[in-house]
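Q: Below are the structure tokens for one structure; questions will follow.
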Amino acid sequence: MNRGRLVLFEGLDRTGKTTQSNILLERLKPNATLIKFPERSTEIGAVIDRYLKDKTFELPDQAVHLLFSANRWEMAERIKQLLLQGTHVVLDRYVYSGVAYSAAKHTDRMDRTWCLQPDRGLPRPDLTIFLTSDDAENELRAGFGEERYEKSEFQQEVKRQFVEVFKALEDSSHEEKLVHVVNVTGKSVEEVAKVVWDLVEPVVTLPTDSTYSELLY
Ligand code: NYM
Ligand code: MG
């Protein structure tokens, strides 16, 4: 049997990842599942949820970073099983959000290299789509500012970190051409969905190895 593909949406807050993940899920159904990170329904996810919503709940930046990674490891077996049984998995955020949001804090010694390590060995996406918008457009969207990290200055730094991490991946031989940048500014939901489908269709149609790869940085 053909294994499922792992398709990842990354981006800043309120850039339309969740909307696009759901549209893609519908197109790929019944052969697809959506997993959103952080997965707030697990034990670790509950702590993360509290950290994001309660700005008085403090934890060391390193601990928070490791919780987000642990939350991915909580779901890793399920993702592998789904892929091996032929189900496509659409991810709404994953390891690159982990790196970009944590590295944007500029905590002593917690650089991008440090941040990538705990995710080493997780299933590797077959395709990563980075949804981006022109400066600060995402901040005008409904709900922006409700959770921790949803601050203008911090979002710009997260964006810079995303760009840096994707540049580093492209420079490394084994991760080439896996990240596609889609600028959503001036595009309708349907127009973005079309650009997304043009990227996803070949990935889900072409034959692939029988097993998934792992993330190696
Ligand atoms: N976030 C998400 C991180 O800081 N690290 C991670 O590893 C992941 C997966 O969680 N502001 C942050 C980014 C978001 C916040 O995500 C909640 P969402 O997609 O808004 O529910
Ligand atoms: Mg958010």
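Q: Could you work out how much longer the chain between Tyr149 and Glu214 gets when fully extended? Use 0.36 nm per residue separation minus the Cα distance between them, nm to one decimal.
A: 20.5 nm
Q: Over all directions, how big on average is the projection of the convex hull of the alpha-carbon atoms in the stretch 119-217, in square nanometres?
A: With every direction weighted equally, the projected area is 7.9 nm².
Q: Evaluate the distance, in nm, between pseudo-label points positioned 7 Å from the Cα of Gln81 and of Arg160 along their respective Cα→Cβ axes.
A: Taking the simple label geometry, Gln81 and Arg160 are separated by 4.3 nm.
Q: Here's something else I'd like to know. Calculate the FRET efficiency for Asn31 and Ala136 from the Cβ-Cβ distance with a Förster distance of 30 Å, rounded to the nearest 0.05.
A: It comes to 0.20.
Q: Further question on the same structure: Sequence-distant or interchain residues sharing an amide H contact under 5 Å with His180, placed H: which?
A: Residues meeting the amide H criterion: Thr128, Ile129, Phe130.
Q: Specify which residue in the list Gly186, Cys115, Pro207 is farthest towards the positive end of the charge dipole of the chain, using unit charges on the beta carbon of Lys, Arg (+1) and Asp, Glu (-1), about the Cα centre.
A: Of Gly186, Cys115, Pro207, it is Pro207.
Q: So how strong a dipole does the stretch 6-208 carry about its Cα centre when Lys and Arg Cβ are +1 and Asp and Glu Cβ are -1, to the nearest 20 debye?
A: Using only the charged Cβ atoms, the result is roughly 400 debye.
Q: Give me, ordered by chain and number, the residues 5 or more places off Ser213 or on other chains with an amide H under 5 Å from its own placed amide H.
A: Correct list: Arg124.
Q: Evaluate Rg over Rh across the stretch 50-149, taking Cα atoms for both radii and Kirkwood's formula for Rh.
A: 0.99
Q: Determine ³J(HN,Hα), in whole Hz, for all residues of the stretch 48-58 in sequence, where each value follows from phi through the Karplus function 6.51 cos²θ - 1.76 cosθ + 1.60 and θ = phi - 60°; x replaces Gly and Pro.
A: My calculation for the stretch 48-58 gives 4, 4, 5, 4, 6, 8, 9, 6, 8, 8, 9 Hz in order.
Q: Just to confirm a number: summing +1 for Lys and Arg and -1 for Asp and Glu over residues other than Thr56 whose beta-carbon lies under 13 angstrom from that of Thr56, what do you get?
A: Around Thr56, the surrounding residues sum to +2.
Q: Would you list Ser41, Ser172, Ser133 from the most to the least accessible area, probe 1.4 Å?
A: So, going from the largest accessible area down, we get Ser41, Ser172, Ser133.
Q: Using 0.36 nm per residue, how much length does the chain from Phe57 to Leu206 gain when fully extended, once their Cα-Cα distance is taken away?
A: 49.0 nm
Q: Still on this structure, I have one more. With every protein chain left in place, what is the accessible area of Thr113 in Å² (1.4 Å probe, nearest 10)?
A: It works out to around 90 Å².
Q: Now a separate question. For the chain, report the accessible area per residue in Å² (1.4 Å probe, heavy atoms, rounded to an integer).
A: Ligands and nucleic acids excluded, the figure is 48 Å² per residue.
Q: Using heavy-atom solvent-accessible surface (probe 1.4 Å) with all chains present, what is the largest-first order of Phe37, Phe57?
A: Sorted by accessible area, descending: Phe57, Phe37.
Q: Along the stretch 69-82, what does the Karplus equation 6.51 cos²θ - 1.76 cosθ + 1.60 (θ = phi - 60°) give for ³J(HN,Hα), rounded to whole Hz, x for Gly and Pro?
A: 5, 4, 4, 5, 5, 4, 9, 4, 4, 5, 4, 4, 4, 4
Q: Along the principal axes of its C-alpha atoms, what lengths does the stretch 6-208 span, in descending order and rounded to whole Å?
A: That works out to 46, 38, 35 Å along the principal axes.
Q: Given an 8 Å cut-off on Cα distances and at least 6 residues of separation, report the relative contact order of the chain as a percent.
A: Answer for the chain is 34 percent.
The values are calculated or read from the model by the stated rules, or taken from the named source; none is laboratory data. Just so you know, these numbers come straight off a predicted model, no measurement behind them. Every residue, glycine among them, receives a Cβ derived from its backbone with ideal geometry; neighbour counts consider all protein chains shown. Calculation scope for accessible area: heavy atoms of the full protein, side chains included, ligands and nucleic acids excluded. Shrake-Rupley method; radii C 1.70, N 1.55, O 1.52, S 1.80 Å.
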